[in-house]
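Peer 1: Handing you this structure, nothing more for now.
Every number here is computed from the coordinates shown, using simple stated rules; none is lab data. This structure is a prediction, so every number in the text was calculated from the model and none was measured. Note that each Cβ is placed from the backbone with ideal geometry, even for glycine, and that neighbours are counted across all protein chains shown.
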Amino acid sequence: MKRIVVLVSGRGSNMTALADRCTAEGWPARLVGVVSSRPGAVALEAAAGRGIATAVVDARGYADRRDFDAALAGVVERLEPDLVVLAGFMRILGADFVARFAGRMLNVHPSLLPSFTGLHTHQRAIDAGCTVAGATVHFVTAELDHGPIVVQGVVPLRPGDDAATLAARVLAVEHVMLPLAVRWFVEDRLRIEGQRVRQLDGAAQQILAGGL
Ligand code: GAR
């Protein structure tokens, strides 16, 4: 059984989608811990309710990022993960942390990377006049939101969309994409080849939500 640790900062809907799919589909894996950078995150309650161990590494308790990263790495390493998943984790991790989990850390980001790295992705996509938006699951590298892409989900922008309506539709796709990517990882169906990720069964690495 592969051991999955999920890092969160808030609501945790991606974490619950992952946990529930893992159980329902009987993956050769289980969530062994959910670690939050914020105390009181809704995700912690959701994890505990599913019998998953939880921990908090409160980002506000550390003077600088190195100290926070070192504390977080200690907590995560004690859980002996095969895979670390950043699911709504709102802290930037330093190069040392990323190197420790290289090739075994995935992030879900709410844009079609490489467009709109960072924050406020939906408003920026609307402001840029994009006609599609979406989300990306990628391996984490030291460069923020730039690692090899596992899967992308595309949703059309609709007239009258605001950041909230668009975020809700993108989130629904994230809840499909993230479990898909993690399942591929735990079943050894992904190979990183430079900046590309190959799905070894040839499965489509995109989800197109919304018809022609
Ligand atoms: C998701 O939309 C995720 O893509 C985004 O935060 C949301 C978390 O929702 N992540 C980032 O913006 C990371 N830079 P959740 O807590 O309900 O899964």
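Peer 1: Would you mention how many residues in segment 151-170 are away from the ligand (no atom under 14 Å from the Cβ) and in a strand (DSSP E or B)? Don't jump to the end; show me each part of the working.
Peer 2: Kept after step one, since they are away from the ligand (no atom under 14 Å from the Cβ), are these residues of segment 151-170: 154, 156-162.
Applying the additional criterion that residues be in a strand (DSSP E or B) yields 154, 156.
Total meeting the criteria: 2.
Peer 1: Kindly establish whether L112 is buried (at least 21 other Cβ atoms within 10 Å of the Cβ) and more than 20 Å from G10 (Cα to Cα). Outline the logic, then answer.
Peer 2: Numbers: buried (at least 21 other Cβ atoms within 10 Å of the Cβ): yes; more than 20 Å from G10 (Cα to Cα): yes.
So L112 fits the description; yes.
Peer 1: Go through segment 180-194 and report how many residues are free of Cβ contacts under 8 Å to residues at least 12 places away in the same chain and aromatic (F, W, Y).
Peer 2: So the count comes out to 0.
Peer 1: Moving on. Tell me, please, whether a residue that is within 16 Å of the ligand (Cβ to nearest atom) and in contact (Cβ under 8 Å) with a residue 12 or more places away in the chain can be found in segment 70-78.
Peer 2: Keep residues of segment 70-78 that are within 16 Å of the ligand (Cβ to nearest atom), which gives 72.
Filter once more, so that each one left must be in contact (Cβ under 8 Å) with a residue 12 or more places away in the chain: 72.
Yes: segment 70-78 contains one or more residues that are within 16 Å of the ligand (Cβ to nearest atom) and in contact (Cβ under 8 Å) with a residue 12 or more places away in the chain.
Peer 1: Of all residues in segment 3-52, how many are over 17 Å from the mean Cα position of the chain (by Cα) and either within 12 Å of the ligand (Cβ to nearest atom) or not hydrophobic (A, V, I, L, M, F, W, C) (or both)?
Peer 2: Matching residues across segment 3-52 total 10.
Peer 1: Further question on the same structure: Go through (1) farther than 20 Å from A204 by Cα; (2) near the ligand (Cβ under 10 Å from one of its atoms); (3) aliphatic (A, V, I, L, M); (4) not in a loop (DSSP other than H, G, I, E, B) one by one and return the number of the condition L144 breaks.
Peer 2: In the conditions (1) farther than 20 Å from A204 by Cα; (2) near the ligand (Cβ under 10 Å from one of its atoms); (3) aliphatic (A, V, I, L, M); (4) not in a loop (DSSP other than H, G, I, E, B), L144 misses (4) alone.
Peer 1: With respect to V173, determine if the residue is more than 14 Å from the ligand (Cβ to nearest atom), among the aliphatic types (A, V, I, L, M) and either in contact with a Cys (Cβ under 8 Å, 6 or more places away or on another chain) or within 19 Å of N14 (Cβ to Cβ) (or both). Walk me through it before giving the result.
Peer 2: Details: more than 14 Å from the ligand (Cβ to nearest atom): no; among the aliphatic types (A, V, I, L, M): yes; either in contact with a Cys (Cβ under 8 Å, 6 or more places away or on another chain) or within 19 Å of N14 (Cβ to Cβ) (or both): yes.
It is false that V173 is more than 14 Å from the ligand (Cβ to nearest atom), among the aliphatic types (A, V, I, L, M) and either in contact with a Cys (Cβ under 8 Å, 6 or more places away or on another chain) or within 19 Å of N14 (Cβ to Cβ) (or both).
Peer 1: Take segment 89-103 and flag every residue that is in a helix (DSSP H, G or I) and within 23 Å of V150 (Cβ to Cβ).
Peer 2: First, pick out the residues of segment 89-103 that are in a helix (DSSP H, G or I): 95-100.
Listed by number, the residues that qualify are A95, F97, V98, A99, R100.
Peer 1: Do we have any residue at all in segment 110-129 that's in contact with a strand residue (DSSP E or B) (Cβ under 8 Å, 6 or more places away or on another chain), away from the ligand (no atom under 13 Å from the Cβ) and assigned to a loop (DSSP other than H, G, I, E, B)?
Peer 2: Checked segment 110-129: no residue is in contact with a strand residue (DSSP E or B) (Cβ under 8 Å, 6 or more places away or on another chain), away from the ligand (no atom under 13 Å from the Cβ) and assigned to a loop (DSSP other than H, G, I, E, B).
Peer 1: If I go through segment 83-108 residue by residue, how many of them are more than 17 Å from W184 (Cα to Cα), of a type in the set (K, R) and away from the ligand (no atom under 16 Å from the Cβ)?
Peer 2: 1
Residue by residue, here is whether (1) closer than 28 Å to L31 by Cβ; (2) touching a residue at least 24 places away in the same chain (Cβ under 8 Å); (3) out of contact with any helix residue (DSSP H, G or I) (no Cβ under 8 Å at 6 or more places or on another chain) holds:
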residue: P159; (1), (2), (3): no, no, yes
residue: A163; (1), (2), (3): no, yes, no
residue: A167; (1), (2), (3): yes, yes, no
residue: A209; (1), (2), (3): yes, yes, no
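Peer 1: Checking P179 against (1) away from the ligand (no atom under 13 Å from the Cβ); (2) in a helix (DSSP H, G or I); (3) within 27 Å of L31 (Cβ to Cβ), which test does it fail?
Peer 2: (1) is the only condition that P179 fails.
Peer 1: As an exercise: evaluate G40 against (1) out of contact with any Gly (no Cβ under 9 Å at 6 or more places or on another chain); (2) at positive phi; (3) in contact (Cβ under 8 Å) with a residue 12 or more places away in the chain and give the number of the one condition it does not meet.
Peer 2: It fails just one condition, (3).
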